[in-house]
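Worksheet: the structure to be examined is printed underneath.
The values are calculated or read from the model by the stated rules, or taken from the named source; none is laboratory data. Bear in mind that the values here come from a model prediction, so they are computed numbers and not experimental data. Reconstructed Cβ throughout: ideal geometry from the backbone, glycine too, with neighbour counts over all protein chains shown.
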Amino acid sequence: MSSLIRYISRPHPITGVTNAKLGTWCFLASEVMLFGALFSAYILLRTGASSWPRGSELLSVPLATFNTLVLITSSVTMVMAWASLMMKDLSKYKRYMGFTILLALTFLVVKGFEYGHKFEHHHFPSTSTFYAIYFTLTGLHGLHVLGGVIVNTYFLLPGSKLWETEPEQFTGRIECAGLYWHFVDLVWIFLFPVLYLL
Amino acid sequence: MEHATPEAIKRHVKVYISVFVALAFLTVVTVIVSYLKLSLVYAIIVALSIATIKGSLVAAYFMHLISEKKIIFWVLVLTLVFFLALLITPALTGLEIRSYVS
């Protein structure tokens, strides 16, 4: 594989970064545009609406605060997983990666609980413009969390075999998975005040 | 970052913990401020300022942007230009869309 795609574990002489990292950042750039379009839609819908509820009147701020802390913690465990590989400690990496996945699942369970509560009270995306954009933004973000769980679980279990043969490449993969995961955290850092507090 | 020594990584770990404490603290601050019932304009300014600080901390330290190569910055500058165009363009044509919403 390394003969097919060059500079995946060593920096490219021109760019100074691995192609894997540059590719990941380009992917994240496209993600900025995806969420940017939805944030733009949110601003337009809110400024255009005759009345708009404060998020705290309809949504649970304590649950979302808890989830924010969960996601921030998972970002730390993710970067610690990468740091463990940089210190050549695979078992520590597995522990931190395991924690990251558990925290991500906790986030999804809490989000599911929030959704369930809304559906019980017959609040659906079709109920109002606020709920439409709320479900769209948090739903898309939730799918990103789920995607992160799948990728990270792969890197925890079968994917970690690469460590034995290509440790540098594996560390690079975890750094890229980390970049994605921190981006998911970053999006939530903005979603939380915009949807729940304002 | 690719060739950082174990000692350098240990120093990084201390920074990660400090950033985590700062992020948790700012999360609590933004929630407390939201209970103060500020006017919407002030609430938006405070909440988005805190979110920007938190986002910058994540990008700078967890995503290593503070020590990243120039090419990554150029990708991000280009993204920022398009992102701002995305936010500003609909606002300029907002009047027509407003009639559909209300």
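One residue alone among B:Lys14, B:Lys10 is in a helix (DSSP H, G or I), charged (D, E, K, R) and modelled with pLDDT of 90 or more, and that residue is B:Lys14. Within segment B:31-57, the set of residues being facing chain A (nearest Cβ under 9 Å) and more than 14 Å from the chain's Cα centre (by Cα) comprises B:Val31, B:Val33, B:Ser34, B:Tyr35, B:Leu40, B:Ala43, B:Ile44.
Listed here are the residues, each with its yes/no results for (1) farther than 25 Å from A:Glu175 by Cβ; (2) of a type in the set (Phe, Trp, Tyr); (3) more than 25 Å from the chain's Cα centre (by Cα).
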position	(1), (2), (3)
A:Thr18	no, no, no
A:Leu28	no, no, no
A:Glu31	no, no, no
A:Gly48	yes, no, yes
A:Leu63	yes, no, no
A:Val70	no, no, no
A:Met78	no, no, no
A:Thr100	no, no, no
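Answer yes or no: is there a residue in segment B:71-90 that is of a type in the set (Gly, Ala, Ser) and under 30 Å from A:Ala132 (Cβ atoms). Yes - at least one qualifying residue is present in segment B:71-90. The residue that is surrounded by the fewest Cβ atoms within 10 Å (Cβ to Cβ), counting only those in segment A:124-165 that are assigned to a loop (DSSP other than H, G, I, E, B) and more than 14 Å from chain B (Cβ to nearest Cβ), is A:Ser126. For segment B:40-67, residues that are over 16 Å from B:Val29 (Cα atoms) and free of Cβ contacts under 8 Å to residues at least 12 places away in the same chain total 8. Each residue in segment A:21-65 was checked for being in a loop (DSSP other than H, G, I, E, B), facing another protein chain (nearest Cβ under 9 Å) and without any contact (Cβ under 8 Å) to a residue 12 or more places away in the chain, and 1 pass.
Of all the numbered requirements in (1) in a loop (DSSP other than H, G, I, E, B); (2) touching an Asp or Glu at 6+ places or on another chain (Cβ under 8 Å), A:Ser74 misses one, and that requirement is (1). Just one of (1) surrounded by 16 or more Cβ atoms within 10 Å (Cβ to Cβ); (2) not in a helix (DSSP H, G or I) fails for B:Leu38. It is (1).
Does segment A:111-118 contain at least one residue that is buried (at least 16 other Cβ atoms within 10 Å of the Cβ) and small (Gly, Ala, Ser)? No, because not a single residue in segment A:111-118 is buried (at least 16 other Cβ atoms within 10 Å of the Cβ) and small (Gly, Ala, Ser). Considering only segment B:44-61, I want to know if a residue exists there that is at pLDDT below 95, assigned to a loop (DSSP other than H, G, I, E, B) and surrounded by 12 or more Cβ atoms within 10 Å (Cβ to Cβ). Checking segment B:44-61: not a single residue is at pLDDT below 95, assigned to a loop (DSSP other than H, G, I, E, B) and surrounded by 12 or more Cβ atoms within 10 Å (Cβ to Cβ).
Residues of segment A:80-98 that are hydrophobic (A, V, I, L, M, F, W, C), under 19 Å from the mean Cα position of the chain (by Cα) and more than 10 Å from chain B (Cβ to nearest Cβ): A:Ala81, A:Met97.
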